[in-house]
1. Looking only at residues that are touching a residue at least 24 places away in the same chain (Cβ under 8 Å) and either in a helix (DSSP H, G or I) or more than 9 Å from every other protein chain (Cβ to nearest Cβ) (or both) in segment B:131-140, which one is nearest to B:PRO168 (Cα to Cα)?
2. Within the set of pairs 6 or more residues apart or between chains, which connect a residue that is without any contact (Cβ under 8 Å) to a residue 12 or more places away in the chain and surrounded by fewer than 13 Cβ atoms within 10 Å (Cβ to Cβ) inside segment B:251-271 to a residue that is of a type in the set (D, E, K, R) and not in a loop (DSSP other than H, G, I, E, B) with Cβ atoms less than 8 Å apart?
3. Exactly one of (1) more than 11 Å from every other protein chain (Cβ to nearest Cβ); (2) farther than 21 Å from B:SER290 by Cα; (3) buried (at least 20 other Cβ atoms within 10 Å of the Cβ) is unmet by A:PHE254. Its number?
4. Restricting attention to segment A:125-138, does a residue exist that is assigned to a helix (DSSP H, G or I), under 18 Å from the mean Cα position of the chain (by Cα), closer than 22 Å to A:MET269 by Cα and of a type outside the set (S, T, N, Q)?
5. Within segment B:60-94, can you find the residues that are part of a helix (DSSP H, G or I) and of a type in the set (Lys, Arg)?
6. What residue, of A:GLY175, A:GLY139, is touching a residue at least 60 places away in the same chain (Cβ under 8 Å), out of contact with any strand residue (DSSP E or B) (no Cβ under 7 Å at 6 or more places or on another chain), surrounded by 24 or more Cβ atoms within 10 Å (Cβ to Cβ) and of a type outside the set (Ser, Thr, Tyr)?
7. Please verify whether A:PHE298 is under 17 Å from the mean Cα position of the chain (by Cα) and either more than 7 Å from every other protein chain (Cβ to nearest Cβ) or more than 28 Å from A:THR43 (Cβ to Cβ) (or both), treating the condition exactly as stated.
8. Checking B:VAL97 against (1) in contact (Cβ under 8 Å) with a residue 40 or more places away in the chain; (2) in contact with a helix residue (DSSP H, G or I) (Cβ under 7 Å, 6 or more places away or on another chain), which test does it fail?
Amino acid sequence: MTMHADPFSIEIADPMAGQKPVSLLRDTLRNILRQRSAIVGLTVLGLLVLVAIFASVIAPFDPTQPLLGIEETARPRLAPCIHLLGCPLAQPEHLMGLDGNARDVFSRVVYGTRIDLEIGFLTVGFAIILGTLIGSVAGFFGSRMDNLLMRLMDVLLAFPSLLLAIAIVTVLGPGLINAQLAIGIVAIPVYARVMRASVLSIRGQDFIAASRALGESSGGILRRRIIPNALTPLIVQGTLGIAGAIIDVAALSFLGLGAAPPLAEWGSMIGDERNAVFSAPHLILVPGIAIVITCLSFNLLGDGLRDALDPRLNR
Amino acid sequence: MTRYIIRRLLLSIPVLLGVVILVFILARIIPGDPCRAALGERATAAICDAFNVRYGLDKPIPVQFLTYVGNVATGDLGDSIRFGRPVSQILVERLPVTLELTVYALIFAAFFGILLGRLSAIRRNSPIDVATMIVANLGVSIPVFVLGLFFAYLFAVVLKGTPFALPPSGRLTPGVDVIPLAKAWGLTTLGGPPRVVLDFISNINTVNAILTLNGSLLLDTVRHMILPAVALGTIPMAIIARMTRSSLLDVLGLDYIRTARAKGVRERDVVAKHGMRNALLPVVTVIGLSLGGLLSGAVLTETIFNLAGIGRTITEAIQGRDYIIIQGVVIVVAIIYIVVNLIVDISYGLLDPRIRLT
């Protein structure tokens, strides 16, 4: 049918004409940078990553080397010695003192940044990959598969997380890798649920039906159409999850189930010195503050991301 | 409503079964055979054969599983390797400590969380709001063991000699005695399950002190509980404060609130009677969910403050490789957690009729 000379036709001006299309990525980035908490989180996190990368340059001492017998003045739990604050110049400088094995605490905290960031990313990465797989399969294929997988997730969620992690580590044996594995397993249901919810909301949309009509396989639709569109809530959840993972792995290390000595992991540093809290509180406070700063920056970034990516909040 | 409760009850059965299966599997995949794991160097071939027969480990796996389920259902959680006593008996002694700590922490978290969240929602963007949100953000980023150790140092060393000093370890000051209820009420001859229940209640010092009108015991218990409870409750408090704030802000933006204001309801009543009542629904869920975190955190808090609850039992069991205790504690705590979540779900249905329909 041709539409020539229709008396009822009205020219509608395209309201978007003349406007450059805004790319999703740029739009998102701008939204993120509008969030104050995200900026703070991102900045601190950037600094922490730099510290982790250049740990060997920043740290004045080997983090695992006891200084007893190497330095004359070295003794276990030596108080901090800062030259600027009046510590005698003859004494070697130790910004945060020495720990119970006469190792330089500052160097250990610096190297700990590397270890703890790695723990956060690896643990959550593991949980996200498995959670995404389980959640998307459950949401996409539905019915029986959904029921089976999600009930399995319910069982994992039925335990207080740290207790289940403890039970898993007792089976696997203590160690940093196993501790990460345990915390990762415990975190899977969270991501599986998030993923399933997004898949369910996307599955029914027209562009999925279109892909199917064009002959795309189920696996292809899942990989190329659904998962990329469901990533947003996963990223938010993952960012917040990193903070939790660092705290939980540190807790396992604190209990002696995670990082083994002499590794400079913050949780194990606190665990090793917890009986010294009344005489040398800085040995607890310094790694403690390091954990707080790291987790706070991930939490701030996560909150900022959520606000930036939540379309309901767009004003 | 009855139908809703029944459905919720039925839904929790598969989860409960799954939990038992998972713990059973975890116990069976411990590397090496359980006998050697349990007895260590004492394990010889003859002893191990006897051990396997005694614990039914010579039977097929399905039989073992059914035996295990039967044992758990009747409260038999096996004997601790280290203490040589039934795990259930250890739990009767130690679970009350954890329960007491958790309840104190929960009360602290709920009271201050709701209070702070409400304050910062009403005075949005005021200094109070900003301060509360900073505290809330810090609260979710502090590991409970760091906070606990910090409090222990602050209140036992820095504030020593001031009226604010608090004991950093243990449940009671030496010299303060707890009289078991069975003794106080002359029921020492009582046996069986009622006695177990009585002993359990008796071991909750706060309840014991109230029931026996023992003022000095109550005071001492509370003084010892403040630090661990505050340390343990800070993270849930932060989460509850954030939830209350955002939920109350959502509700206060709704039309019916405007209507209430328009018809001249006092602002205080608008917030208290119209706003809070609806805003609290998601908060109730968060409070229920925080129980898992509290039970997890109790493991760490008890270790720091030297409280002989199930948390410390677990850490001791880890050091002594006492798998039976770990298994028993994990399963009991998981069951408690499931039951509490069930109660939260049901109370949620009571509070909000819409939930029952879905």
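The values are calculated or read from the model by the stated rules, or taken from the named source; none is laboratory data. Every value quoted in this text rests on a predicted model; they were computed, and no experiment measured them. Every residue, glycine as well, gets a Cβ built from its backbone with ideal geometry; the counts of neighbours run over all protein chains shown.
1. Start the filter on segment B:131-140 by keeping residues that are touching a residue at least 24 places away in the same chain (Cβ under 8 Å), which leaves B:132-133, B:135-140.
Narrowing further to those that are either in a helix (DSSP H, G or I) or more than 9 Å from every other protein chain (Cβ to nearest Cβ) (or both): B:132-133, B:135-139.
Working: B:THR132: 27, B:MET133: 28, B:VAL135: 23, B:ALA136: 24, B:ASN137: 26, B:LEU138: 23, B:GLY139: 21 Å.
Filtering segment B:131-140 for residues that are touching a residue at least 24 places away in the same chain (Cβ under 8 Å) and either in a helix (DSSP H, G or I) or more than 9 Å from every other protein chain (Cβ to nearest Cβ) (or both), the one nearest to B:PRO168 (Cα to Cα) comes out as B:GLY139.
2. From residues that are without any contact (Cβ under 8 Å) to a residue 12 or more places away in the chain and surrounded by fewer than 13 Cβ atoms within 10 Å (Cβ to Cβ), the pairs are B:GLU267/B:ARG261.
3. The single condition A:PHE254 does not satisfy is (1).
4. no
5. Within segment B:60-94, B:ARG94 is the sole residue that qualifies.
6. Step by step, each of A:GLY175, A:GLY139 is checked, and only A:GLY139 is touching a residue at least 60 places away in the same chain (Cβ under 8 Å), out of contact with any strand residue (DSSP E or B) (no Cβ under 7 Å at 6 or more places or on another chain), surrounded by 24 or more Cβ atoms within 10 Å (Cβ to Cβ) and of a type outside the set (Ser, Thr, Tyr).
7. Here the answer is yes, as A:PHE298 does meet what is asked.
8. It fails just one condition, (2).
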